[in-house]
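The values are calculated or read from the model by the stated rules, or taken from the named source; none is laboratory data. Everything numeric here is computed off the predicted structure, so don't read it as measured data. Cβ: placed from backbone, ideal geometry, glycine included. Neighbour counts: every protein chain shown. Surface accessibility is based on the protein's heavy atoms, side chains included, excluding ligands, DNA and RNA. Shrake-Rupley method; radii C 1.70, N 1.55, O 1.52, S 1.80 Å.
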Amino acid sequence: MPSKSKQSKVQYRFGIGEWYGRSFIHLTPAERQTYASLTRAQQKEQPCIPRLAENPNERCNKKGGVCSLRLFQMSGQSVSPVSGLGGALRTSCPNRFREGMTVFHWVGETILDNPDPIIIKEIGFLEKPRGSVGGKGRKDDVGRIDMVLVHPDIRIFSWCALEMQAVYFSGDAMGRDFGYIARYDGDDLPFPAGKRRPDYRSSGPKRLMPQLQIKVPTLRRWGKKMAVIVDRSFFDEIGQMDHVKDISHCDIAWFVVKYEENGAKAILEPDFVSFTTLEKTVEGLTGGTPVSLGEFERRIKRKLGKKS
């Protein structure tokens, strides 16, 4: 029989925060089972709730439909979401940032002095070297800026680039949870079946940073700004960055959002904006304090000891 200490140990796992735009903890057991059993074709028919303000016909293009993750705890047989900052929703689909067009209004007001910018998607930014052709015998773009916001007065022709960065996760795929939820017959919250965690190293240094290093130097030469949308949990994982006081001195403007949970709905809200340079951003994304030589060599010896 397990000891009392093992019985009382609290377990923590990341699971579904929002599913097809709805709070997981407020879904009924029947609604969770329905979502967990959707075929891929049925998943594509679900409305993308965050984007409905842009287009009422938008449909979910995220396989599995998980908009965000959150941390759950299980003590004994009781399952609940973790409270406080540790239990904050972690954005796992970039479309989640588009709720109510809030971030577009915010970025437009801050950078373009207009809260109603025109949104242009997928503008070719890099071209193949002269003389090379694409797969169909034509010159092709090899890199694009995903989104550009343009001042609505075209005579001014003021614009900025925009990136939205959600967090990837490492560990067990969500399909493991879907299968468990589909079979779960309790009325309480199911504890996540898979073990996973938000992978900020893959999302930041490995994905976001190369995008910024490719695009921002040219934007800087053009006198244009890059807006980056992340949630508070993502920004808090970035290493220390030196910030500049005025937007005129920055290359990158970080627009950090938070989610205010009000009943069954989580509302995206602006948190703060931070101005910085490309160089300081790279330092932050790759941040970390090197260990001493002695500590590093002790770690080598420990590894050698395990192999001997």
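Scanning the stretch 211-221 for residues that are surrounded by fewer than 19 Cβ atoms within 10 Å (Cβ to Cβ) and either at pLDDT 95 or above or among the charged types (D, E, K, R) (or both), which turns out nearest to the chain's Cα centre (by Cα)? Step through it out loud before you land on a result.
Step one: of the stretch 211-221, the residues surrounded by fewer than 19 Cβ atoms within 10 Å (Cβ to Cβ) are 211, 213-214, 217-218, 220-221.
With either at pLDDT 95 or above or among the charged types (D, E, K, R) (or both) added as a condition, the list becomes 220-221.
On the way: ARG220: 25, ARG221: 28 Å.
Of everything passing the filter in the stretch 211-221, ARG220 is nearest to the chain's Cα centre (by Cα).
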**Message:** Of everything in the stretch 175-190, what is open to solvent by 20 Å² or more (accessible area, probe 1.4 Å) and within 14 Å of PHE14 (Cα to Cα)? Give them in sequence order.
**Reply:** GLY175, ARG176, PHE178, LEU189
**Asked** From SER80, SER75, which residue is in contact with a helix residue (DSSP H, G or I) (Cβ under 9 Å, 6 or more places away or on another chain), surrounded by fewer than 22 Cβ atoms within 10 Å (Cβ to Cβ) and touching a residue at least 40 places away in the same chain (Cβ under 8 Å)?
**Response** SER80
**Message:** If LEU208 meets every condition in (1) part of a strand (DSSP E or B); (2) open to solvent by less than 10 Å² (accessible area, probe 1.4 Å) apart from one, which number is that one?
**Reply:** (1)
**Item:** Selection within the stretch 179-192 - of a type in the set (A, V, I, L, M) and more than 14 Å from SER80 (Cα to Cα)
**Value:** ILE181, ALA182
**Item:** Subset of the stretch 42-70 (residues that are open to solvent by less than 20 Å² (accessible area, probe 1.4 Å), of a type in the set (Gly, Ala, Ser) and not in a strand (DSSP E or B))
**Value:** GLY64, GLY65
**Item:** Residue list for the stretch 194-205, filter: surrounded by 18 or more Cβ atoms within 10 Å (Cβ to Cβ) and either free of Cβ contacts under 8 Å to residues at least 24 places away in the same chain or among the aromatic types (Phe, Trp, Tyr) (or both)
**Value:** TYR200
**Message:** Tell me whether the stretch 236-252 contains one or more residues that are under 30 Å from GLY100 (Cβ atoms), buried (at least 18 other Cβ atoms within 10 Å of the Cβ) and in contact (Cβ under 8 Å) with a residue 60 or more places away in the chain.
**Reply:** no
**Asked** Applying the selection to the stretch 259-308, what residues are open to solvent by 40 Å² or more (accessible area, probe 1.4 Å) and touching a Phe, Trp or Tyr at 6+ places or on another chain (Cβ under 9 Å)?
**Response** ILE267, GLU269, PRO270, ASP271, PHE272, VAL273, PRO290
**Message:** Exactly one of these conditions fails for GLN77: (1) farther than 17 Å from TYR180 by Cβ; (2) modelled with pLDDT under 95. Give me its number.
**Reply:** (1)
**Asked** Counting only residues that are over 15 Å from GLU54 (Cβ atoms) and hydrophobic (A, V, I, L, M, F, W, C), how many does the stretch 107-121 have?
**Response** 2
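Only one of GLY131, GLY137 is over 20 Å from LEU212 (Cα atoms), modelled with pLDDT under 95, part of a loop (DSSP other than H, G, I, E, B) and open to solvent by less than 70 Å² (accessible area, probe 1.4 Å); which? Give the steps one after another, and end with the answer.
Values: GLY131 fails: open to solvent by less than 70 Å² (accessible area, probe 1.4 Å).
Being over 20 Å from LEU212 (Cα atoms), modelled with pLDDT under 95, part of a loop (DSSP other than H, G, I, E, B) and open to solvent by less than 70 Å² (accessible area, probe 1.4 Å) holds for just one of GLY131, GLY137, which is GLY137.
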**Message:** Can you list residue pairs whose Cβ atoms sit under 6 Å apart, with the first residue in the stretch 175-187 being in contact (Cβ under 8 Å) with a residue 12 or more places away in the chain and the second being part of a helix (DSSP H, G or I)? Count only pairs 6 or more apart in sequence or on different chains.
**Reply:** PHE178/ALA36; ILE181/ARG32; ILE181/ALA36; ALA182/GLN33; ALA182/ALA36; ASP187/PRO29
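Yes or no: LEU112 open to solvent by less than 20 Å² (accessible area, probe 1.4 Å) and more than 22 Å from GLY175 (Cα to Cα)? Working first, answer last.
Numbers: open to solvent by less than 20 Å² (accessible area, probe 1.4 Å): yes; more than 22 Å from GLY175 (Cα to Cα): yes.
Judged against the criteria, LEU112 is a match.
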